[in-house]
Structure formats: structure tokens, C-alpha cells
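Undergrad: So that we are looking at the same thing, I have put the structure below in C-alpha cells.
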Amino acid sequence: MGSNCPNSAMDNAMYSEELAVAVRVVHMACCLCQRVQDGLVGTSSEQVKSKDDDSPVTVADWSVQATVSWILAEVFGSQNVSIVAEEEVQTLSKPDSADLLEAVVNTVNECLSEAPKFGLKCPDKALRTSQVLDAISRCNSTGGPKGRHWILDPVDGTLGFVRGDQYAVALALIEDGKVVIGVLGCPNYPMKKEWLNYHNKFYQAMSKQSPPASDSWEKGCVMYARRGSGEAWMQPMVLGDEKLEWPNSARLIKVSSIDNPAMATFCEPVEKSNSNHSFTKGLVHSVGLRKQPLRVYSMVKYAAVARGDAEIFMKFARAGYKEKIWDHAAGVLIVEEAGGVVTDAGGRPLDFSRGIYLEGLDRGIIVCSGAALHEKIIGAVYASWDSSNL
Ligand SMILES: Nc1ncnc2c1ncn2[C@@H]1O[C@H](COP(=O)(O)OS(=O)(=O)O)[C@@H](OP(=O)(O)O)[C@H]1O
Ligand SMILES: [Mg+2]
Ligand SMILES: [Mg+2]
Ligand SMILES: [Mg+2]
């Protein structure tokens with residue numbers, strides 16, 4: 001997987017600066033999110049808003065989008081950078097959002113002031129409100145089949161984020177419709193799965209051990225991959241107050257080698273409204289999976305498959321829902337380069353070339369550690385679809 005790119009050597013040289021900047025800015029974003037989440041959990045916060053579709057958005061979502069947008073424009077030149085990202089400024093610009101906007105501006109400036117620790121340039125002076133709003137609203141590209149586009153989900157799994165649980169920062173680069181770089185920051189997904197927080201459900205399902213006593217443990221991680229390299233990497237997340245020297249240490253990650261369904265772990269979205277749990281229950285049963293599903297917020301599900309903590313991730317959204325490219329681009333590339341297989345339920349690769357949606361997606365998304373499990377799942381979808389009422 002992933003090594004079928006004919007120009008891999010050339011591509012490696014071509015994307016090295018983009019990858020280095022993307023990894024660094026995702027580390028910065030992870031620190032930002034961790035600070036906001038620490039301040040959010042347990043408070044009845046005014047810092048969480050509802051969007052038109054009732055989904056949550058927070059200070060962290062806007063602040064990460066502004067920070068990443070500002071850094072990419074600074075390094076590559078704003079006229080050269082096209083960014084497709086989730087958030088808009090409407091809610092933030094409303095008169096009754098003045099406090100929220102102030103919190104975003106402060107959060108962005110605090111984060112950007114730390115850029116030099118990550119080997120990036122910080123602004124000469126703090127950004128003004130209008131500059132922060134510009135940075136957010138500049139991310140209004142719609143991608144497409146030609147040219148380079150950055151794809152950003154500033155906080156994926158915002159629901160998990162506000163609940164003090166798993167979430168991810170996802171940044172990818174597509175060129176001519178193909179994902180060429182993927183970076184996934186997972187601030188609550190420790191380097192070792194045994195260290196998952198004892199209070200979260202993911203931990204309870206995966207581990208029976210106590211979390212480490214030390215507070216300097218590697219609580220979060222950042223994963224990344226470059227198309228065609230056949231390699232995916234993971235670094236410990238850097239805590240904001242630590243002395244840091246780049247390059248950060250990275251270790252190779254690989255998908256699991258388990259291909260026996262009875263031994264395999266399957267993950268899926270937490271919310272029933274985001275994926276049909278009863279349909280996957282039937283599939284899982286017919287394929288012979290025995291373990292309870294791991295319900296995890298966000299693209300941490302891709303991360304879990306990429307580093308071998310789980311073998312399968314499936315998502316079947318309700319009919320009519322169109323998956324967005326920022327919810328998948330980084331995760332798909334990292335899983336593929338780590339040796340896994342990602343397709344729609346018809347067995348076709350996901351198409352990132354057609355704007356902000358994964359147009360033409362056949363029913364759902366199937367992510368597997370290997371071809372054998374993947375074939376079994378696709379076969380089971382075919383066998384059970386007609387009777388599923390989906
Ligand atoms: N109705 C519906 N159906 C399917 N998918 C939806 C739906 N609504 C939202 N979303 C998108 O799901 C993203 C979160 O997906 P997850 O797999 O993490 O789901 S869950 O939070 O674990 O339930 C979530 O990403 P974020 O908004 O970045 O959190 C959404 O883009
Ligand atoms: Mg998302
Ligand atoms: Mg999001
Ligand atoms: Mg959202």
C-alpha cells in the first residue's frame with residue numbers, strides 16, 4: 001500500500017518543507033487545544049457554540065484554524081496557499097460573540113508566540129482581531145482536481161473535545177486531487193495505548209492498567225506520512241512548557257498483522273447519528289468479529305488502525321449525508337502508508353478531487369489493517385446491504 005506511487009523519490013524531495021511545517025504547526029495546535037480543553041472541562045462554558053446543524057464549535061476550533069492559516073501563509077506566501085477548512089467566521093463575528101472573539105484572539109496570539117520553540121516564525125507583534133478573522137476566513141477554498149490545497153479540520157471530534165475525551169487536529173495536503181501529506185495530532189491518545197486515561201471509555205475498553213504516575217508521560221501523539229514513502233511516523237506530543245529541541249524524536253508505526261476476525265478490534269463513531277451502529281453490528285457478527293466495538297470520537301480511529309491498536313474502522317453515515325474531505329484526508333494517507341487499506345463500501349478508493357465532499361462515496365468507509373480483513377468486510381456489506389433498510 002502507498003508504495004505504488006511511481007515518483008516517490010521525487011515526491012519525497014518535493015514535499016519535505018511542506019511536511020516539516022505541517023508537523024510543527026500541528027504540534028502547536030495540539031498544545032493550544034490541550035490548554036483550551038483543560039479550561040473547558042467541568043465548566044458550563046460560554047466558549048462552546050452551536051452551529052446551524054447543531055454541531056458544537058469552540059474557541060479551539062477557530063483558534064487552530066487561524067493559527068494554521070497564519071503560519072502556512074507566512075511560510076509559503078498567502079497568495080500561494082489554498083486552504084479548505086471546516087470553520088467560518090459568521091458565528092464569531094456576531095455582536096453577542098465579542099467575548100468569544102476576544103478569547104480566540106488571545107488564544108491565537110498565545111499559541112503563535114510559542115512558534116519559535118517549534119522552529120517556526122512568530123508574528124512581530126500580536127495579531128489584531130481583524131487579522132485573526134482574516135486568517136480564519138481565508139480558508140475558504142473548495143479544493144478540486146487541480147493544484148495544491150491544504151485540507152484542515154482544526155478540531156475533529158469537537159463533541160469528544162468538549163466532553164474531555166478524544167479528538168484530533170488534522171492537516172493534509174492534496175495535489176491534483178491526491179493526498180500527498182497527512183498529519184494527525186491526537187493530544188489525548190498517548191504514545192502507548194496502555195496509558196490511555198483511566199477515566200475515558202477508550203481506555204476502559206483497551207486497557208486494564210493504571211496510568212503512569214509521572215506527569216511528564218507522553219500523553220498525546222502526532223502522526224504523519226508522505227504519499228508513496230511506505231512509512232508512517234509518530235512523535236510524542238510536546239507539552240507547551242517543556243524545553244524543546246527539533247527535530248522531535250519519531251518512531252515508525254505499522255498496522256496490525258492480525259487477520260483473524262476473531263482476534264480483531266473494530267472501531268466506529270461514538271454517536272449513533274454519525275454511523276449506523278446496528279448495521280455494523282450485523283456486519284461484525286457475520287464476519288466473525290467477537291470483541292465489543294471501540295467507540296471513539298474523531299480521526300483517532302484512523303490513528304488506532306495506523307499504529308496497530310485496532311484492525312478495523314467502519315463508518316456508515318445516514319443516507320444523504322455527504323462526508324467532508326477534512327474528516328478523512330490525513331487519516332486515510334497515514335493508514336495507507338502504515339500498510340492498511342481504505343476504501344468505500346464498494347471497494348473503491350476515496351476521491352479527494354471533487355471539492356469539499358467525498359463525492360461518489362459508495363455507502364460507507366471501510367478502513368482495515370490488511371487486505372484479508374478488508375475483503376471479508378466488503379463481502380459482508382454486499383451480502384447484507386439489501387436487507388439493511390439503509
Ligand atoms: N450526521 C452526520 N453523519 C455523519 N458524520 C457527521 C454527521 N454530522 C457530523 N459529522 C462529522 O463527523 C465528524 C465526527 O465523526 P466521528 O467519527 O468522530 O463521530 S463521533 O463524534 O465519534 O460520533 C464530525 O467532525 P467535527 O465537526 O470536526 O467534529 C463531523 O464532520
Ligand atoms: Mg471533523
Ligand atoms: Mg472539526
Ligand atoms: Mg465540526
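The values are calculated or read from the model by the stated rules, or taken from the named source; none is laboratory data. Quick caveat, the model's predicted, so the values are computed rather than measured. Every residue, glycine among them, receives a Cβ derived from its backbone with ideal geometry; neighbour counts consider all protein chains shown. SASA here: full protein model, heavy atoms, side chains in, ligands and nucleic acids out. Shrake-Rupley method; radii C 1.70, N 1.55, O 1.52, S 1.80 Å.
Undergrad: Using a 1.4 Å probe and counting only protein heavy atoms, arrange TRP150, TRP233 so the residue with the most accessible area comes first.
TA: Most to least solvent-accessible, the answer reads TRP233, TRP150.
Undergrad: Over 29 Å between C-alpha atoms is what I'm after, so list which of LYS254/LYS376; LYS301/LYS322; LYS49/LYS117; LYS49/LYS254; LYS49/LYS315 land there.
TA: LYS49/LYS117; LYS49/LYS254
Undergrad: Quick check: the distance between the Cα centres of region 243-300 and region 110-128, to the nearest angstrom?
TA: What the calculation gives is 36 Å, centre to centre.
Undergrad: Hey, got a sec? Which GluC sites (Glu not before Pro) in region 275-366 land in a DSSP loop and have at most 14 other Cβ atoms within 10 Å?
TA: On the way: sites: GLU311, GLU323, GLU336, GLU337, GLU359; in loops: GLU311, GLU323, GLU359.
Taking region 275-366 and a limit of 14 other Cβ atoms within 10 Å, the loop GluC sites (Glu not before Pro) found are GLU359.
Undergrad: Out of all DSSP beta bridges with both ends in region 261-389, state the antiparallel percent to the nearest 5.
TA: 70
Undergrad: Pairs of alpha-carbon atoms within less than 8 angstrom and 6+ residues apart define the contacts here; what relative contact order does the chain have, in percent?
TA: Values: 841 pairs, mean separation 67.9, N = 390.
For the chain, the relative contact order is 17 percent.
Undergrad: Could you please state how large a percent of the accessible area of region 261-389 is carbon and sulfur, counting protein chains only and using a 1.4 Å probe?
TA: On the way: 2350 of 4860 Å².
After summing per-atom areas, the C and S share lands at 48 percent.
Undergrad: Is region 261-389 best put as rounded, prolate or oblate by its Cα gyration tensor, with a ≥ b ≥ c the root eigenvalues, rounded for a/c under 1.5, and otherwise prolate when a/b is larger than b/c, oblate when not?
TA: Working: a/c = 1.41, a/b = 1.12, b/c = 1.27.
Rounded.
Undergrad: Within the chain, which whole H helices from DSSP have a Cα span along their axis of at least 30 Å and a mean Kyte-Doolittle hydropathy of 0.5 or more, if any?
TA: 16-40
Undergrad: Straight distance only, please: which aspartates and glutamates reach the Cα of LYS192 with their own Cα at less than 14 Å, same-chain residues fewer than 8 apart left out?
TA: GLU218, ASP309
Undergrad: With only Lys, Arg, Asp and Glu charged, each at its Cβ (+1 for the first two, -1 for the last two), find how big the charge dipole of region 261-389 is about the Cα centre; round to the nearest 20 debye. The partial results should precede the final answer.
TA: Numbers: 15 positive and 14 negative charges, 81 e Å.
Using Cβ point charges on Lys, Arg, Asp and Glu, region 261-389 gives about 400 debye.
Undergrad: How large is the accessible surface of TYR15 in square angstrom, using a 1.4 angstrom probe and rounding to the nearest 10?
TA: Around 10 Å² of this residue is reachable by solvent.
Undergrad: Once the other residues with Cβ under 14 Å from the Cβ of TYR224 are scored (Lys, Arg +1; Asp, Glu -1), what is the net sum?
TA: Working: positive: ARG24, ARG226, ARG227, ARG251, ARG307; negative: GLU17, GLU18, GLU231, GLU336, GLU337.
For residues surrounding TYR224, the net value is 0.
Undergrad: How would you classify the chain from its alpha-carbon gyration tensor, with a ≥ b ≥ c the square roots of the eigenvalues: rounded for a/c under 1.5, else prolate if a/b is greater than b/c, otherwise oblate?
TA: Taking the square roots of the gyration eigenvalues as a ≥ b ≥ c, the chain is rounded.
Undergrad: Another question, if that's okay. Among the DSSP beta bridges whose two residues both lie in the chain, what percent are antiparallel, rounded to the nearest 5?
TA: 85
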